[in-house]
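Report on the following structure.
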Amino acid sequence: MAAETRYRLADTTVAEPLVDGWSAWAQLISPVPAALHLLNFQTFALSSYLEDPEAHVAASRDPDLIGGPFVDVPPERAGEVRGLLDDMRARRGAALELARSFTDFHNWLVGEAQGQSLEPYYAAVPEALRGYVELVYDYYNRPIVRLHENLLYHGDHYDETLQSLKLWRLERDLTRPFFMSTPRLAGEGQFDWRRPFADSSLDELFRTDVEPQPLGRIREALGLGASEEALLLPLLTTEPAAPPPPWEGDEVRVRYFGHACLLIEWRGVSILTDPFVGAAPAAGGVERFSYRDLPARIDFALVTHNHQDHFALETLLRLRHRIGQLVVPRNQGLLYGDMSLRLLTKRVGFPRVVELEALEAIGFPGGEIVAVPFLGEHGDLAHSKSAYVVRAGRQQMLVAADSDCLDRELYANVRRTLGPVETVFLGTESVGAPLSWGCGPLFPRKMQRAHEQGRRYHGSDAARGLELLETVAARRVYNYAMGLEPWVEHLLGLGLTEDAPQFIESEKLLARAAERGFLAAERLWGKTEFFLEEPDAVAALPGVERAAPPAALEADDARDADDQFVF
């Protein structure tokens, strides 16, 4: 009897998570930020589009305006956009009221509270916020409305029925509309699968990436009948899954998946940084590693910060069943726009999430992952972020993402504590989007234009990058997180060319590092694999002594009841 044919998701298949038809990111999940984004961005963008659809489409195609609040929907489908907007206003009235009442109360409180006791003001908290806020001051007697975020996730303001996945075949790169401003309308050949992100059926579907299943099993997971197979089959393939075996070598192997996504492997341990993996377009394109090139188990997935190109739900949900520990930066829970990635990811189904504060560490045999401070990139807002030093034997690597060397002494302290860091992965996104780009909908009052333009989401330029490298005694630098790969264009809209300031700063940084005799000074792009040899003895580095590293726990030991490591 012939064996039953087994299928997996095709390499060309995209599984895009949506919230109420919009591409999912953190601001659409945490309840209060989601309500503010609905009021101040989504409904505003759709209303503006309906006034002049042609202008929005033209702006969406203008390289200088890509990434702005422009809806990229053909004018002949404007009726669908109007229906979507009317439906959003009708169904999500409670969320719109939450946003309005939160903003009005916050603005009123800032005008009223000048240092006197805040206790009387609890009586004025709007009904939608009762039981979800604490009123506090900073040390200058400026009032803050602090959210009990986890209570909000367990209350009526969190609606997981809005969540779904859109499965479709990627024909070409650069065809996906910008993630933030364009809702995903129904399309031919696309399958809309309404499931909460936390549902275990997602893991069952995505597990086919490594364990192909009979077609009937996949249909059942998706809730489809036999008559709907024709919709499903183009998204599947019978090609066998062959995830690579764990890398057991003594050299560190690094595979670059694009942007800030690195697979770091050493002696059977696998670490994936800022997971973002691109599907392979059917028409071909830039060669890349994809999901089939990841090991069946990823021991640690590290997230540096909560921006859409570093905390990518599309990839994280697809890899959830493979990830042993998801590591995120410590959240202080003070600013309502600073969403806790630990609470968010646990709410969408990740069973093992670890928050790390600076110099807290997770150990693995022969190595450790240490969180280190991360300056810059957030427009001076106090939002959660962390870089990571990965130690494998005597090899140390700094995954710095979009860090900006605003204070050289910070990295001097890191070096004094951890010793020299031979290898640094660093972006040179030295321009950055203005403050309003991602966080504008969160502000209770309109920003001054000078502040909006002056406070940008940016990392190091060449001079600051070189300061960072010299301070930690780096000997290799890999420039990454530049948004150059076509599969991240829909998230960033950068479209960098060789005359872009970011690219020029990258060239300067690499040239200056090469002049100083670095062992490697490269800009990563596309599909890249390289090995890091064991460094020379630390004693060979002049003036450097390695201090005792922070105590780290083995990855499977000593968790408390909330799956947190005890430090």
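The values are calculated or read from the model by the stated rules, or taken from the named source; none is laboratory data. Being a predicted model, the structure only gives us computed values, none of them experimental. No Cβ is skipped: glycine too gets one built from the backbone with ideal geometry, and neighbour counts run over all protein chains shown. Ligands, DNA and RNA are stripped out before the accessible areas are found, and what is left, the full protein with its side chains, is counted by its heavy atoms. Shrake-Rupley method; radii C 1.70, N 1.55, O 1.52, S 1.80 Å.
One table, with the values for the structure above:
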quantity: Arg184 vs. criteria within 30 Å of Arg100 (Cα to Cα), in a loop (DSSP other than H, G, I, E, B) and among the charged types (D, E, K, R); calculated: yes
quantity: Residue list for the range 460-469, restricted to those being under 17 Å from Pro373 (Cα atoms) and not basic (Lys, Arg); calculated: Ser460, Gly465, Glu467, Leu468, Leu469
quantity: Qualifying residue in the range 54-64 (condition: among the hydrophobic types (A, V, I, L, M, F, W, C), modelled with pLDDT of 95 or more, over 18 Å from Trp437 (Cβ atoms) and under 23 Å from the mean Cα position of the chain (by Cα)); calculated: no
quantity: Qualifying residue in the range 256-270 (condition: in a loop (DSSP other than H, G, I, E, B), touching a helix residue (DSSP H, G or I) at 6+ places or on another chain (Cβ under 7 Å) and surrounded by fewer than 17 Cβ atoms within 10 Å (Cβ to Cβ)); calculated: no
quantity: Options Pro243, Pro214; residue that is farther than 30 Å from Val477 by Cβ and out of contact with any helix residue (DSSP H, G or I) (no Cβ under 9 Å at 6 or more places or on another chain); calculated: Pro214
quantity: Hey, Gly278 surrounded by 23 or more Cβ atoms within 10 Å (Cβ to Cβ) and assigned to a loop (DSSP other than H, G, I, E, B) or not; calculated: yes
quantity: Residue tally, condition open to solvent by less than 10 Å² (accessible area, probe 1.4 Å) and touching a residue at least 60 places away in the same chain (Cβ under 8 Å), over the range 466-477; calculated: 2
quantity: Every residue from the range 99-154 that is surrounded by 12 or more Cβ atoms within 10 Å (Cβ to Cβ) and either among the hydroxyl-bearing types (Ser, Thr, Tyr) or at positive phi (or both); calculated: Ser101, Thr103, Tyr121, Tyr132, Tyr137, Tyr153
quantity: Within the range 354-465, helices (runs of 4 or more DSSP H) holding 3 or more residues that are open to solvent by 30 Å² or more (accessible area, probe 1.4 Å); calculated: 408-418, 449-454
quantity: The range 192-213, subset open to solvent by 20 Å² or more (accessible area, probe 1.4 Å) and in a strand (DSSP E or B), residue modelled with the lowest pLDDT; calculated: Asp192
quantity: Scan of the range 337-353 for residues that are among the β-branched types (Val, Ile, Thr) and outside any helix (DSSP H, G or I), ordered by number; calculated: Val348, Val353
quantity: Scope the range 466-506; condition part of a loop (DSSP other than H, G, I, E, B), over 20 Å from His310 (Cα atoms) and touching a Phe, Trp or Tyr at 6+ places or on another chain (Cβ under 9 Å); matching residues; calculated: Val472, Ala474, Arg475, Thr497
quantity: Condition check for Phe70: farther than 17 Å from His490 by Cβ and either under 25 Å from the mean Cα position of the chain (by Cα) or open to solvent by less than 10 Å² (accessible area, probe 1.4 Å) (or both); calculated: no
quantity: Wholly enclosed strands (runs of 3 or more DSSP E) of the range 99-172 bearing at least 2 residues over 16 Å from Ile29 (Cβ atoms) and in contact (Cβ under 8 Å) with a residue 60 or more places away in the chain; calculated: 143-147, 163-169
quantity: Residue match in the range 224-237 (condition: open to solvent by less than 20 Å² (accessible area, probe 1.4 Å) and hydroxyl-bearing (Ser, Thr, Tyr)); calculated: no
quantity: Which listed residue, of Pro420, Pro434, is of a type outside the set (Lys, Arg) and under 30 Å from Gln42 (Cβ atoms); calculated: Pro434
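Okay, residues lined up against (1) free of Cβ contacts under 8 Å to residues at least 24 places away in the same chain; (2) aromatic (Phe, Trp, Tyr); (3) closer than 28 Å to Thr103 by Cα; (4) touching a His at 6+ places or on another chain (Cβ under 9 Å):
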position: Arg297; (1), (2), (3), (4): no, no, no, no
position: Phe311; (1), (2), (3), (4): no, yes, yes, yes
position: Arg318; (1), (2), (3), (4): no, no, no, no
position: Arg322; (1), (2), (3), (4): no, no, no, no
position: Ser340; (1), (2), (3), (4): no, no, yes, no
position: Leu344; (1), (2), (3), (4): no, no, yes, no
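Okay, residues lined up against (1) at pLDDT 95 or above; (2) open to solvent by less than 10 Å² (accessible area, probe 1.4 Å); (3) assigned to a strand (DSSP E or B):
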residue: Leu272; (1), (2), (3): yes, yes, yes
residue: Gly285; (1), (2), (3): no, no, no
residue: Pro295; (1), (2), (3): yes, yes, no
residue: Phe300; (1), (2), (3): yes, yes, yes
residue: Gln308; (1), (2), (3): no, no, no
residue: Phe311; (1), (2), (3): yes, yes, no
residue: Leu316; (1), (2), (3): yes, yes, no
